[in-house]
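Values in this text are rule-based calculations from the coordinates and carry no lab data. If you're wondering where the values come from, they're calculated on a predicted model, not measured in any experiment. As a convention, Cβ positions derive from the backbone with ideal geometry for all residues, glycine included, and neighbour counts pool all protein chains shown.
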Amino acid sequence: MSDGTSGIRPHTIIALVEDRPGVLNRIASKWRQRGFNIESLAVGHSEKPGLSRMTFVVDADTNAEQVVKQLDKLVDVVDIRDISHEDIVAREMALIKIRTDRGSRSQIIDIAELFHADVLDVEPDSIIIEATGDEQKINALVNLLKDYEIIELVRTGRVAMLRGPAVSHPHPEEEDQQYERYPGPHTW
Amino acid sequence: METKQELTGAQMVMEAFIREGVDTIFGVPGGANLPLYDVLPEYYPRIKHYLVKHEQCAAHAADAYARVSGKAGVCYGTSGPGATNLVTGIANAYMDSIPLVAVTGQVISALIGRDGFQEADIQGITIPITKHSELVRDVNEIPRAMQEAFFIATTGRPGPVLVDIPRDVLQQKGEFYWRDKVELRGYKPFSQADPNEIARAAELIEQSQRPVIISGHGVIISQAFAEIRELAEKAGIPVITTLLGISGFPGTHPLYLGMPGMHGMYWNNLAIAESDLVIGVGMRFDDRVTGRLKDFAPRAKIIHMDIDPAEIGKNVRPAAALLGDVKASLKELNKLVVHKDRTPWFNWLEDMRRKHPSIVIRETDELLPQYVINSIYEATKGDCYVVTGVGQHQMWAAQYFWYDKPNSFVTSGGLGTMGFEVPAAMGAQVAAPNDTVWSICGDGGFMMTMQELATIAEYGWPIKFAIINNNNLGMVRQWQELFYGNNIVATPLKNPDFVKVAEAFHILGLRAERKEEVAAVIDQAMQHPGPVLIDFQVKHDENCYPMVPPGAALHETIDQPAYAQTPARLPAPMEVAAS
């Protein structure tokens, strides 16, 4: 996972995909075969029945145009676009479990409050906090918590959408097209 | 509108075939696909099944059938090994954009995922080598799945689709339906070239002094034979065809220059290096065509016409990109192009062709493979289908044969599958029963699939097999000689007596060991009404030139080294071109 603060920004790509078995397998297969370096992937139901929405982040060195074009060839990928250069809202969530004792607990809670993170679980010698924000914020929080013992860290990866009323994957009703089938016999 | 009737899953598959115009299946039966065989007699002779001896050959035969007939090819395999044996054939069709529908039987639903006998996750296995694949778990989904399979396979950039159906689903009954229209919201193969890009392409053509057309397989797939010819003649541009583009443009046409790339004509590779405009039509700038990519066509702007958006900008950056069916794009482009006098460019090309003949045939007593292939051309004048395997013989069949019959060259290009020549000849012959099919074989490749001689004998397909027998895995041996310090390892072959092999399979076997015998055996083969195998015992260490060494650029092509000093002759069509 890149720290998101340095140099060139990774690409954020969002896709609307059929909610069918094997879809993830197909997409992952393309990534693997074409050597695309995927930093994070988040997937879940979309507002449309039968369709899931994915957000994935590919590192800056990857040819994002090829990622989009290759994945768009999959029948199960309904729509896909690179939104790296658009005005977007992007967030991820992290759950962090930290070892605590009487001394450190209140300090950790102070840090959590500073980051508007919620405390989900408090045990005598551990605490779980939930943080939501962009990668930089999560990274900063994790960095501060390194003074304590982080037992476990889990991050969802980025989810993103366009700002404003625009739909990320507009889907016009398909107009009738002339379908050119693989043609028959041959002449010059 | 939907039509409905109660049918078993296997019957539904058949009904789908009928609606898709399928009348030919190549396959092998087994436990899991038996229901598909059980219903075959019901549908005979509307649907004919040909029993092959190995599923790989079912896929290759269906692949070549599709290439020659212009319809989707269909193959069957059972679960497990039957399905995995199809994999090479499916991958071959994927690389060469061939519409192939593979229907496999799967173990019964209750056993899936439990490592049942002959279970293989063929849908998963074929994900990277199919345009789409589906495991159908519900009998009522079969009509939809089949309709979609044909739709996906035959539209846009064609490709293979696999439909895997468990045996119990094939036996269950359900309601058959057939829709007027396939609805796949994620499938969008249709696009038309942007008029601005077309106008720009026409402008680039008009401005260019040294243009070349590189015509690829897309021209054949979309049957843009007349359109590519019109572009070349109207604008006055020479045409180079990629390996798979051969027979997309008439081989003896004065504007035709032959093949480019690794074993392409020297003058072509130099012409591309010298050119100021490369017009790639239905081709994908494959590494065998471009040589070292960063030095490909350094002086040229590029016009790229292709149906697959992912190919545009993948290897080269075009100055104009015409996305869509190349036939439609060419029609529009042809309206705008104007003829321009490019005499200096044609003079340059003539000069290059005189100085670097590339495909002269040495005058020698030895039986040269080039001589054999050129003799088949002389005997047939190209009025036949030529099917090849992969290796030296394939390159010579591309170099020493002139294809005036549209779409008459059937070869494994992208995947480079040795052994393709035998089953592909079967598919070609079934698709063109009244034409002669010559299968030019390598001895190594032939032995990978020669069990199909039994199939050929059984059905009596009158295929003419010409084994270019150098007792070597010739192309690999050539690489060992040139790039591995002549360290010859695992390439010499101790071949069987191919004449006796043919006879054992009830096929006429002939042999030629000397030049004088060649014309006679070719003639005898052509007179013979049934299948024939000719064992041409050629020089064992002949190398294939010209050659771009691996990793080199096109302008670094090595031409035929010794030929300039040796008495030699040009094949007849080249003499015409040179005069």
* **DSSP bridge pairs, the protein assembly as shown: antiparallel proportion in percent, nearest 5** => 45 percent
* Asked: What residues qualify as long-range amide H neighbours of B:G245, i.e. H under 5 Å apart, gap of 5 or more or another chain, H built at 1.01 Å from N?
  -> B:H217
* Asked: Which residues in segment B:178-195 place their backbone N less than 13 Å from a point set 7 Å from the Cα of B:L336 along the Cα-to-Cβ direction?
  -> B:193-195
* Could you give the nm distance between label points at B:A519 and B:F190, where each point is 7 Å from its Cα heading toward the beta carbon? -> 5.6 nm
* Rounded FRET efficiency, nearest 0.05, which uses the C-beta distance separating A:A166 from B:L293 and R0 of 51 Å -> 0.85
* Asked: What's the tally of Lys pairs in segment B:5-176 whose alpha-carbon atoms lie under 24 angstrom apart, where the two lysines are 8 or more places apart or on different chains?
  -> 4
* Structure fact -> Simple SL model, points at 7 angstrom along Cα→Cβ for B:Q451 and B:A110; separation in nm is 3.2 nm
* **B:E503-B:Y44 FRET efficiency (beta carbon distance; Förster radius 45 Å; 0.05 resolution)** => 0.90
* Asked: Hey, got a sec? Which trypsin sites (Lys or Arg not before Pro) in segment B:97-158 land in a DSSP loop and have at most 13 other Cβ atoms within 10 Å?
  -> B:R114
* Can you give the relative contact order of chain B as a percent, counting alpha carbon pairs under 8 Å and 6+ residues apart? -> 14 percent
* **Cα centroid separation - segment A:109-123 against segment B:504-549, whole Å** => 82 Å
* **Value of [θ]222 nm, deg cm²/dmol, for chain B, DSSP H segments ≥ 4, -39500 (n - 2.57) each, nearest 500** => -10500 deg cm²/dmol
* Where both residues lie in chain B, what percent of DSSP beta bridges are antiparallel, nearest 5? -> 10 percent
* **Candidates per chymotrypsin sites (Phe, Trp or Tyr not before Pro) in segment B:433-540, loop by DSSP, up to 12 other Cβ within 10 Å** => B:Y484
* **In Hz, Karplus ³J(HN,Hα) per residue of segment B:203-208 (6.51, -1.76, 1.60; θ = phi - 60°; x = Gly, Pro)** => 5, 4, 5, 5, 6, 6
* **Per-residue ³J(HN,Hα) for segment A:32-38, Karplus 6.51 cos²θ - 1.76 cosθ + 1.60, θ = phi - 60°, Hz, x for Gly and Pro** => 5, 5, 8, x, 7, 9, 8
* Using helices alone, what [θ] at 222 nm do you get for chain A, with -39,500 (n - 2.57) per DSSP H run of 4 or more residues, divided over all residues and rounded to the nearest 500? -> -7500 deg cm²/dmol
* Would you calculate the separation in nanometres between label points at B:E6 and B:N434, each defined as 7 Å from the Cα along the Cα-to-beta-carbon direction? => 4.5 nm
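What does the charge count near B:V136 come to, summing +1 for each Lys or Arg and -1 for each Asp or Glu among other residues with Cβ under 11 Å from its Cβ?
-3
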* For B:K173, list long-range residues whose amide hydrogen, built 1.01 Å from N in the peptide plane, is under 5 Å from its own amide hydrogen. => none
* Could you work out the relative contact order of segment B:5-176, using alpha carbon pairs under 8 angstrom and six or more residues apart, expressed as a whole percent? => 29 percent
* Rounded to the nearest 0.05, what FRET efficiency is calculated for A:E65 and A:V89 with R0 set to 25 Å and r the Cβ-Cβ distance? -> 0.60
* To do: Enumerate the lysines that B:K494 could reach by cross-link, defined here as Cα to Cα under 21 Å, with residues fewer than 8 away along the same chain left out.
  => B:K539
* To do: Determine the distance separating the Cα centre of segment B:288-361 from the Cα centre of segment B:1-44; give it in Å without decimals.
  => 45 Å
* Structure fact -> Residue-ordered couplings for segment A:111-120, obtained by feeding phi - 60° into the Karplus form 6.51 cos²θ - 1.76 cosθ + 1.60 and rounding to whole Hz (Gly and Pro as x), are 4, 4, 4, 4, 9, 6, 9, 8, 9, 9
* Asked: Restricting the count to DSSP beta bridges whose residues both fall in segment B:5-176, what percent are antiparallel, rounded to a multiple of 5?
  -> 15 percent
* Write out the GluC sites (Glu not before Pro) in segment B:97-198 meeting two conditions: DSSP loop, and at most 16 other Cβ atoms within 10 Å of their Cβ. => B:E183
* To do: Please express the Cα-Cα pair-distance distribution P(r) of the protein assembly as shown as a list of whole percents, one per 20 Å bin, running from 0 to the bin with the greatest distance.
  => 15, 43, 31, 10, 1, 0
